[in-house]
Amino acid sequence: MIAGRRKLCAQYAEAGQPVYSYRFATRPRGAAEAAGVQHFVNVAFSFQNITGTLGPLSSHKDISTDIGRSYLNFVYRHDPNADKEGARTALPHWPRWTATRPSNMVLNATRPVVERDNFRESGIAFIQSISRELLA
């Protein structure tokens, strides 16, 4: 998942498209800590589903609202940071992903941060170098 996302980010950035990347790091209420944050759990937060899965945690409501607002800002302005009225989310400034400064917004309910997108950099570079062979 990381290799494909990173490669797509690089290709879009090379083509001059605005690229913003994130890593979702908020465990749903009631989820076992050992399970971590599983694939697709971000969807409930993205659509501000603050009942059921998210429960009554105010931090989950806040991050859900910020994610939704950021997505809408990106759809309308190609920038997740500020909407047309200048309203901001509680998220830190979300930088563009570039080849020289690859970064992810870490969407964590307790403390969202920006991180350098370099997790397992050499191994992922190898996977990307042979991706055509893997698809053959």
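The values are calculated or read from the model by the stated rules, or taken from the named source; none is laboratory data. Fair warning: this is a prediction, and the values are worked out from it, not measured in the lab. Virtual Cβ from ideal backbone geometry, glycine too; neighbours counted across all protein chains shown.
For the residues R116, R120, the requirement of being closer than 25 Å to A3 by Cβ, in contact with a strand residue (DSSP E or B) (Cβ under 9 Å, 6 or more places away or on another chain), charged (D, E, K, R) and at pLDDT 85 or above singles out R116.
Going through T100, T110 one at a time, which residue ends up being modelled with pLDDT of 95 or more and surrounded by fewer than 12 Cβ atoms within 10 Å (Cβ to Cβ)?
Numbers: T110 fails: modelled with pLDDT of 95 or more.
Among T100, T110, only T100 is modelled with pLDDT of 95 or more and surrounded by fewer than 12 Cβ atoms within 10 Å (Cβ to Cβ).
Could you please let me know if F45 is touching a helix residue (DSSP H, G or I) at 6+ places or on another chain (Cβ under 9 Å) and either modelled with pLDDT of 85 or more or not in a loop (DSSP other than H, G, I, E, B) (or both)? Yes, satisfied.
Based on this model, can you work out whether R27 counts as surrounded by fewer than 18 Cβ atoms within 10 Å (Cβ to Cβ), among the basic types (K, R) and either touching a Leu at 6+ places or on another chain (Cβ under 8 Å) or in a helix (DSSP H, G or I) (or both)? Working first, answer last.
Working: surrounded by fewer than 18 Cβ atoms within 10 Å (Cβ to Cβ): yes; among the basic types (K, R): yes; either touching a Leu at 6+ places or on another chain (Cβ under 8 Å) or in a helix (DSSP H, G or I) (or both): no.
No, not satisfied.
Scanning the stretch 67-118 for residues that are part of a helix (DSSP H, G or I), hydrophobic (A, V, I, L, M, F, W, C) and touching a residue at least 24 places away in the same chain (Cβ under 8 Å) gives I67, F74.
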